[in-house]
Amino acid sequence: MENRRNNSQQASHPGGDTQFWQDERVQKYDYQQQLLSEKKEDVQANITRIVNYFCQLHSIGEPKILDVGCGPGTPMTLSSYILDRVPRSILVGVDSSEQMVEAAKGILVPKYGNRFSSFVSDFNSDSFWMPEIDSKYDFIVSSGTLHYLSDKRTLPFMKEIFNHIKDRGVFVSCMGSHPTIQEIAEMVHLFRVEFTYNQLEEEKRPREFPEFKKIFEETDRKANVNWRSSKDWLGAIQSAGFRKVDIVWHLWVRSIYLALA
Ligand SMILES: C[S@@+](CC[C@H](N)C(=O)[O-])C[C@H]1O[C@@H](n2cnc3c(N)ncnc32)[C@H](O)[C@@H]1O
């Protein structure tokens, strides 16, 4: 698999390509996510369920939540799930794509008013925490996004997340991971490609699977996911200072991580 790295041989990963997330990827967001992201609705529902659980446990009436990489605010996005299902939540969305942020505003502000606001910022930049988002939150959440962190920004960003969470606050995020064992990584990668192939109607895909796999991998390379193991993710989150960190839900190539401040 060409997009996997041998850490000892290659330069550090620069993070995802932020230019990837525009035009068709904004306009057809939910349709494309349905094709690409297995059990996406379950991921969003589970993160939302975790937020509601801790709101009850800690008696938080108006949870303040930051959604990192919020996307376009369509029904499949985490922001939409949370605003819809966490009563009186105040959600701040942040995303590096101006088109995503504009789309999210267009959908979520008319529906939820001042419970939602959104800003453009790139977490691979040291100046991510612009004044509008530089605050303390009950929850920092993210779905399908943090695997675009660069190697250089991963540990600093995890610490910044920790520093922007209130005492007893919660960080919950679903991100991609690959097993460290090459043969197993190849297997889960194949499952991922097969999932999309099987989701597509026959007339919308090449007849032969190998041809489809080649096209899939070319597009995938453009997004430039920084694949790492779940152990590496746990280590990075732990090193930021969280009291407790664990994986609470797992799929072939992505997991939900829960960290308690
Ligand atoms: C797969 S989408 C996930 C969107 C949304 N969280 C959801 O639940 O569907 C990934 C999002 O991450 C954003 N993103 C990618 N790189 C980013 C970066 N460096 N800083 C902030 N956002 C980024 C993209 O613009 C895109 O909206």
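The residue of segment 187-198 that is nearest to Tyr31 (Cα to Cα), among those that are loosely packed, with under 14 Cβ neighbours inside 10 Å and not aliphatic (A, V, I, L, M), is Asn198.
If a residue has to be farther than 21 Å from Leu146 by Cβ and in a loop (DSSP other than H, G, I, E, B) to count, how many in segment 72-87 make the cut?
2
Out of all the residues in segment 203-213, which are in a helix (DSSP H, G or I) and closer than 17 Å to Phe191 by Cβ? Result: Phe209, Pro210, Phe212, Lys213.
One line per residue, one yes/no per condition, for (1) out of contact with any helix residue (DSSP H, G or I) (no Cβ under 9 Å at 6 or more places or on another chain); (2) modelled with pLDDT under 95:
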position	(1), (2)
Phe171	no, no
Ile184	yes, no
Arg207	yes, yes
Ala223	no, no
Trp227	no, no
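For segment 53-72, the tally of residues that are away from the ligand (no atom under 16 Å from the Cβ) and within 29 Å of Glu102 (Cβ to Cβ) stands at 3.
Filtered by the rule that a residue be within 12 Å of the ligand (Cβ to nearest atom), within 26 Å of Ser59 (Cβ to Cβ) and among the polar types (S, T, N, Q), segment 123-142 gives a lone residue, Ser142.
When you check Glu98 against the structure, is it over 17 Å from Phe116 (Cα atoms), among the acidic types (Asp, Glu) and more than 8 Å from the ligand (Cβ to nearest atom), yes or no?
On the way: over 17 Å from Phe116 (Cα atoms): no; among the acidic types (Asp, Glu): yes; more than 8 Å from the ligand (Cβ to nearest atom): yes.
Considered against the rule, which asks whether it is over 17 Å from Phe116 (Cα atoms), among the acidic types (Asp, Glu) and more than 8 Å from the ligand (Cβ to nearest atom), Glu98 comes out as no.
Would it be correct to say that Glu24 is modelled with pLDDT of 95 or more, more than 8 Å from the ligand (Cβ to nearest atom) and touching a Lys or Arg at 6+ places or on another chain (Cβ under 8 Å)? Considered against the rule, which asks whether it is modelled with pLDDT of 95 or more, more than 8 Å from the ligand (Cβ to nearest atom) and touching a Lys or Arg at 6+ places or on another chain (Cβ under 8 Å), Glu24 comes out as no. Does segment 149-161 contain at least one residue that is among the basic types (Lys, Arg), over 15 Å from Cys70 (Cα atoms), near the ligand (Cβ under 9 Å from one of its atoms) and modelled with pLDDT of 95 or more? Yes, segment 149-161 contains at least one residue that is among the basic types (Lys, Arg), over 15 Å from Cys70 (Cα atoms), near the ligand (Cβ under 9 Å from one of its atoms) and modelled with pLDDT of 95 or more.
State whether the residues of segment 98-121 include one that is within 16 Å of the chain's Cα centre (by Cα), charged (D, E, K, R) and either closer than 27 Å to Ile60 by Cα or in a helix (DSSP H, G or I) (or both). No, segment 98-121 has no match at all. Within segment 68-118, the set of residues being among the β-branched types (Val, Ile, Thr) and without any contact (Cβ under 8 Å) to a residue 12 or more places away in the chain comprises Val109 only. Scanning segment 148-173 for residues that are crowded, with 20+ Cβ neighbours inside 10 Å and either over 17 Å from the mean Cα position of the chain (by Cα) or in a strand (DSSP E or B) (or both) returns Ile165, Gly169, Val170, Phe171, Val172, Ser173.
The values are calculated or read from the model by the stated rules, or taken from the named source; none is laboratory data. The structure presented is a predicted model; accordingly, all values stated were derived computationally and were not measured. Methodologically, a virtual Cβ is constructed for each residue, glycine included, from the backbone with ideal geometry; neighbour enumeration extends over all protein chains shown.
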